[in-house]
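Enquirer: Below is the structure I would like to discuss, written out as structure tokens.
The values are calculated or read from the model by the stated rules, or taken from the named source; none is laboratory data. Since we're looking at a predicted model, the values are computed, not measured. A quick note on method: Cβ atoms are made from the backbone with ideal geometry, for glycine too, and the neighbour counts reach across all protein chains shown.
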Amino acid sequence: MAQTGLMMGQTVADLGCGNGFYVLPAAQMIGPTGTVYAVDVQTVKLAATISIANQFGYKNVRVIQANLSKPLLDILPGSCDLVIIGSILHEIDQKQELIKNIYRVLKSGGRVVAVEWKRTATPFGPPLDKRLDQEKLEIMLQSAGFRKDKDLQADGYHYAVLYEK
């Protein structure tokens, strides 16, 4: 998250937030005047996210239950400075719909950070045939009107890219 350049008071949407792995550092970085939208289809994941946010005293996290394969209407268009999609693209069949949602909620000049599993054998993670290689992801983002900002450092199992609207 430190590589994204997030600043105090900004608005972030973590689409497919799961248990809140990226939500907590984002909430800390943007401070009490910012907002993090934690979006997931699974209520149990959202409950875990809001529980841990409350444990750490973050009152700037808003949970939204939504299917990201459908239009996301619970976040205002052009309201987000950063959208996070962390290891979810391999789980979604309607990837174009997810990318449309990202584009819609981002401000002009807003950024999306995408983290995905490398398409190489790892001791854990999704099956290789489900993984999306970096080149395909980048083609999808560029086709939707995003411009590449930079590659980000990630662990040995993932790659991460930052794109701008």
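Enquirer: Could you tell me whether any residue of region 74-95 is under 20 Å from TYR159 (Cα atoms), modelled with pLDDT under 95, touching a Phe, Trp or Tyr at 6+ places or on another chain (Cβ under 7 Å) and assigned to a loop (DSSP other than H, G, I, E, B)?
Expert: Yes, that holds for at least one residue.
Enquirer: Kindly provide the set of residues from region 41-86 that are over 16 Å from the mean Cα position of the chain (by Cα) and small (Gly, Ala, Ser), ordered by number.
Expert: Correct list: ALA47, ALA48, SER51, ALA53, GLY57.
Enquirer: On to the next question. Scanning region 30-73 for residues that are loosely packed, with under 13 Cβ neighbours inside 10 Å and charged (D, E, K, R), which turns out modelled with the lowest pLDDT?
Expert: LYS70
Enquirer: Consider ASN19 carefully, then state whether it is of a type outside the set (A, V, I, L, M, F, W, C) and in contact with a helix residue (DSSP H, G or I) (Cβ under 6 Å, 6 or more places away or on another chain).
Expert: It is true that ASN19 is of a type outside the set (A, V, I, L, M, F, W, C) and in contact with a helix residue (DSSP H, G or I) (Cβ under 6 Å, 6 or more places away or on another chain).
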